[in-house]
Ligand code: BGP
C-alpha cells in the first residue's frame with residue numbers, strides 16, 4: 001500500500017458525544033436532558049430511566065469525564081495524535097435548556113464556540129451531531145418526546161440557531177445519531193435515547209416507533225434545508241448504526257428474512273437519501289391499517305431535504321434465523337455467529353463486516369460515506385507506571401482499517417474519513433460504565449466517578465498517531 005491509499009485530505013480522528021463526556025450537567029444554564037435520568041448499569045443490568053433524579057442512584061452522565069473543564073487539554077492531546085477531525089455533539093439542552101424557548105442560551109453557545117475554536121487552532125475539522133441521545137427532558141415530560149409533531153418545530157429552531165451560529169467553524173454536520181436504533185422497538189433504552197418515548201401499557205410499540213421516527217425524519221430533512229439555505233457549503237449527513245445482518249444459512253427463508261431485517265433497520269437511510277419511504281414499508285403501513293400522521297407537506301420536505309453523505313457507526317454484525325415470520329425482532333431472531341468472536345459485552349467482532357457495510361451502502365445509496373464510530377469496548381488496566389498496554393484494541397482497529405482500505409482501494413468506495421469511537425475514555429451509552437473503555441487516552445475515573453481524572457496515553461495512542469502520520473499505510 002502507498003500513501004495514496006486514502007484521499008490526501010482523509011479525515012482521520014475520533015468521536016465522542018456531549019452527554020458522555022462533558023459533565024457540568026447544570027452549568028451555565030444547561031437544562032436537564034434525557035441522559036441525566038439514566039442510572040449506572042452494566043453488561044447484565046440495564047440502565048434505569050428514572051422519572052426524577054433519585055438521591056440513592058448514581059447518574060454517570062452528570063459528570064462524564066469533565067470535558068467541560070478539560071477540553072483544552074483533551075483537544076491538545078488529540079492534536080498531538082495528529083487528528084484531522086473531531087466528532088462531538090452539541091447538547092441541545094445547553095442551547096435550549098427546555099427545548100421550547102424562543103431564544104437560545106448564550107452561555108451554551110459560547111461553550112461550543114470555545115470548543116470549535118480550540119479545534120480550529122490545531123486545524124482539526126469539527127464534525128458535529130445535532131442530537132445524540134440527549135434531548136431536553138422537558139420535551140419528554142411536557143410533550144411526550146418525538147411522539148409529538150411539535151418537536152419538528154423545536155428541533156428546527158435549534159438546528160437553525162446552530163447552523164447560523166457555527167457555520168463558519170463547522171462544515172460537517174449530522175442530524176440524529178443512530179436514528180435507526182429505535183427500529184429495535186422492544187428495547188426500552190434505544191427508544192428512549194432516540195425519541196424520548198416511554199411506552200405505556202397497551203401501546204402498539206411498532207406503530208408508535210414509526211410515527212416518532214417519521215417526525216424525526218421530517219425534522220432531519222427540514223434541518224438539511226435550513227442548513228443549506230444558511231450556507232450551501234455545509235455537508236449535512238445522516239447517521240446510522242450499521243450492523244450487517246447475515247442469513248443464518250443459505251436456506252431461502254433465512255436469506256429473505258435477513259434481507260428484510262436489514263431493510264427494517266436501514267429504511268431510515270432510504271428515506272434520508274431517496275426522500276421517500278420504500279415500497280415494502282408503505283405496504284406494511286397500509287396492510288396494518290396504521291393511520292400514521294404523514295402529510296403531503298411532510299413528503300415534500302423529505303424529498304427536498306435529502307442528505308449529503310452517510311455517517312455511520314460500525315461495531316459488530318448480526319446473524320438472523322428465520323422462524324415463521326418476516327417480522328424481524330432483534331431480541332428474538334438473532335443467533336451467535338460461530339465464525340466471529342465477541343467482546344466482553346457480547347458485541348460480535350467482525351472486520352470483514354465493515355467492508356460489507358461500505359459496499360452495501362455504496363451500492364444502495366451512491367453517497368459519500370463517513371465512518372464516524374468504530375472501536376472496541378474493553379477493560380483496560382493502568383499499570384503502576386501509568387501505561388495501558390491495549391494490544392487488543394490495536395488489533396481490533398488494525399483489522400478494521402485493513403478492511404476499510406480494501407473497500408476504498410479494491411472496491412472504489414467513496415470514504416470521507418475514519419473517526420473511532422470514544423477516542424478518549426468516556427461514559428458508555430448502553431451501560432453507563434466507565435470501565436467499558438474505547439479510548440486512545442485513558443481517563444483515571446471509575447464507574448462511580450472516583451479518580452483523579454488525569455489523562456494518560458495508552459499504547460494505542462502512539463500506534464494511531466503513526467497510522468495518521470502515514471495516512472493509513474503504516475498499520476504495524
Ligand atoms: C453507539 C453510540 C455511542 C456510543 C457507542 C458505543 O451506539 O452512538 O454513543 O456509546 O455506541 O456504545 P457503548 O457506549 O454502549 O459501548
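Taken over the range 313-328, the criterion of being in contact with a strand residue (DSSP E or B) (Cβ under 7 Å, 6 or more places away or on another chain) and either more than 13 Å from the ligand (Cβ to nearest atom) or not in a loop (DSSP other than H, G, I, E, B) (or both) is satisfied by 313, 314, 317, 318, 319, 320, 328. Looking across the range 171-184 at every residue that is over 24 Å from residue 211 (Cα atoms) and crowded, with 23+ Cβ neighbours inside 10 Å, the one that is nearest to the chain's Cα centre (by Cα) is identified as 173.
Listed residues 79, 110; which is out of contact with any helix residue (DSSP H, G or I) (no Cβ under 6 Å at 6 or more places or on another chain), under 21 Å from residue 456 (Cα atoms) and in a helix (DSSP H, G or I)? Step by step, each of 79, 110 is checked, and only 79 is out of contact with any helix residue (DSSP H, G or I) (no Cβ under 6 Å at 6 or more places or on another chain), under 21 Å from residue 456 (Cα atoms) and in a helix (DSSP H, G or I). From the residues in the range 329-370 that are within 16 Å of the ligand (Cβ to nearest atom) and touching a residue at least 60 places away in the same chain (Cβ under 8 Å), which one is surrounded by the fewest Cβ atoms within 10 Å (Cβ to Cβ)? This residue is 346. The set of residues in the range 82-107 that are under 22 Å from residue 177 (Cβ atoms) and in a loop (DSSP other than H, G, I, E, B) comprises 83, 84, 90, 91, 96, 97, 98, 99, 100, 104, 105.
All told, residue 64 meets the bar of being buried (at least 17 other Cβ atoms within 10 Å of the Cβ), in a loop (DSSP other than H, G, I, E, B) and in contact with a helix residue (DSSP H, G or I) (Cβ under 6 Å, 6 or more places away or on another chain). Picking from residues in the range 388-411 that are touching a helix residue (DSSP H, G or I) at 6+ places or on another chain (Cβ under 8 Å) and part of a loop (DSSP other than H, G, I, E, B), the one that is farthest from the ligand (Cβ to nearest atom) is 411.
For the range 432-461, the tally of residues that are assigned to a loop (DSSP other than H, G, I, E, B), touching a helix residue (DSSP H, G or I) at 6+ places or on another chain (Cβ under 9 Å) and within 16 Å of the ligand (Cβ to nearest atom) stands at 7.
Find the residue count for the range 418-427, including only residues that are in a loop (DSSP other than H, G, I, E, B), closer than 19 Å to residue 312 by Cβ and within 11 Å of the ligand (Cβ to nearest atom).
Final tally of qualifying residues: 2.
Residues checked against (1) closer than 19 Å to residue 68 by Cα; (2) in contact with a strand residue (DSSP E or B) (Cβ under 7 Å, 6 or more places away or on another chain):
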| site | (1), (2) |
| --- | --- |
| 409 | no, no |
| 436 | no, no |
| 439 | yes, yes |
| 449 | yes, no |
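The rows are residues; the columns are (1) farther than 23 Å from residue 36 by Cα; (2) in contact with a strand residue (DSSP E or B) (Cβ under 7 Å, 6 or more places away or on another chain); (3) free of Cβ contacts under 8 Å to residues at least 60 places away in the same chain; (4) part of a loop (DSSP other than H, G, I, E, B).
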{"residue": "380", "(1), (2), (3), (4)": "yes, yes, no, yes"}
{"residue": "386", "(1), (2), (3), (4)": "yes, yes, no, yes"}
{"residue": "416", "(1), (2), (3), (4)": "yes, yes, no, no"}
{"residue": "463", "(1), (2), (3), (4)": "yes, no, no, no"}
{"residue": "471", "(1), (2), (3), (4)": "yes, no, no, yes"}
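Coordinate-derived values only; no laboratory data. Since we're looking at a predicted model, the values are computed, not measured. Neighbour counts run over all protein chains shown; Cβ positions are idealised from the backbone, glycine included.
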